[in-house]
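**Q** Shown below is the structure under consideration.
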Amino acid sequence: MNISKKDWKLFRERLSGWQENYMEGLVKEYANFLNDDKKPASEKFWELEKRIKEDKRHPGVIMEMSKSEVIWDIVRLIRLKVITYDDLSDFSDELQLEVKRILEMSR
């Protein structure tokens, strides 16, 4: 499917907000983890370092944008719970239907 200019522009505008929301959730998880008084500081430090190293590669944090990959990127963001299908309400019906079709095929 060829993505429309409108959908491409909307994706580029929305992605940073979606990622910001995802990272806000990560920060809250990190804070909860660090506030656990049952673990020694060294264990928390190294575990957090490992977690950040893994998380910074997640599409909810960083993603290369390519117009030809937008549909697949959106599907991946939904599967990884960065966004929900409802976040696509302003996109074209064609894009929404294609995303839905792909998601249903892979169940």
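**Q** Look at the range 65-107 and say how many of its residues are farther than 19 Å from R12 by Cα and open to solvent by less than 70 Å² (accessible area, probe 1.4 Å).
**A** Here the count works out to 3.
**Q** Pairs please, first residue from the range 81-92 and within 18 Å of E20 (Cα to Cα), second anywhere and surrounded by 10 or more Cβ atoms within 10 Å (Cβ to Cβ) and among the charged types (D, E, K, R), Cβ atoms under 8 Å, 6+ apart in sequence or on different chains.
**A** What qualifies is Y85/K100; D87/R14.
**Q** Given the options K100, K38, name the one that is within 30 Å of K5 (Cβ to Cβ), over 15 Å from the mean Cα position of the chain (by Cα) and among the basic types (K, R).
**A** K100
**Q** Which residues, counting only those in the range 21-64, are open to solvent by 80 Å² or more (accessible area, probe 1.4 Å) and outside any helix (DSSP H, G or I)?
**A** N35, D37, K38, K56, R57, I62, E64
**Q** Condition first: touching a residue at least 40 places away in the same chain (Cβ under 8 Å) and among the β-branched types (V, I, T). Now tell me which residues in the range 63-80 satisfy that.
**A** Across the range 63-80, the qualifying residues are V70, I71, I74.
Condition check ((1) at pLDDT below 95; (2) within 30 Å of K67 (Cα to Cα); (3) of a type in the set (D, E, K, R); (4) in contact with a Gly (Cβ under 7 Å, 6 or more places away or on another chain)) across all residues:
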site: D7; (1), (2), (3), (4): no, yes, yes, no
site: R12; (1), (2), (3), (4): no, yes, yes, no
site: Q19; (1), (2), (3), (4): no, yes, no, yes
site: Y22; (1), (2), (3), (4): no, yes, no, yes
site: L26; (1), (2), (3), (4): no, yes, no, no
site: D36; (1), (2), (3), (4): yes, no, yes, no
site: L48; (1), (2), (3), (4): no, no, no, no
site: I52; (1), (2), (3), (4): no, yes, no, no
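**Q** Checking D7 against (1) open to solvent by less than 80 Å² (accessible area, probe 1.4 Å); (2) among the acidic types (D, E); (3) out of contact with any Ser or Thr (no Cβ under 9 Å at 6 or more places or on another chain), only one condition comes out false. Which one?
**A** Among (1) open to solvent by less than 80 Å² (accessible area, probe 1.4 Å); (2) among the acidic types (D, E); (3) out of contact with any Ser or Thr (no Cβ under 9 Å at 6 or more places or on another chain), the lone unmet condition for D7 is (3).
Yes or no, residue by residue, for (1) closer than 19 Å to S4 by Cβ; (2) under 20 Å from the mean Cα position of the chain (by Cα):
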| position | (1), (2) |
| --- | --- |
| M23 | no, yes |
| E29 | no, yes |
| N32 | no, no |
| K50 | no, yes |
| R79 | no, yes |
| V82 | no, yes |
| F91 | yes, yes |
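The values are calculated or read from the model by the stated rules, or taken from the named source; none is laboratory data. Only a predicted model underlies this, so the values are computations on that prediction, with no experimental measurement involved. So basically every Cβ, Gly included, is an ideal-geometry build from the backbone, and we count neighbours across all protein chains shown. These accessible areas exclude ligands, DNA and RNA; they are computed on the full protein's heavy atoms, side chains included. Shrake-Rupley method; radii C 1.70, N 1.55, O 1.52, S 1.80 Å.
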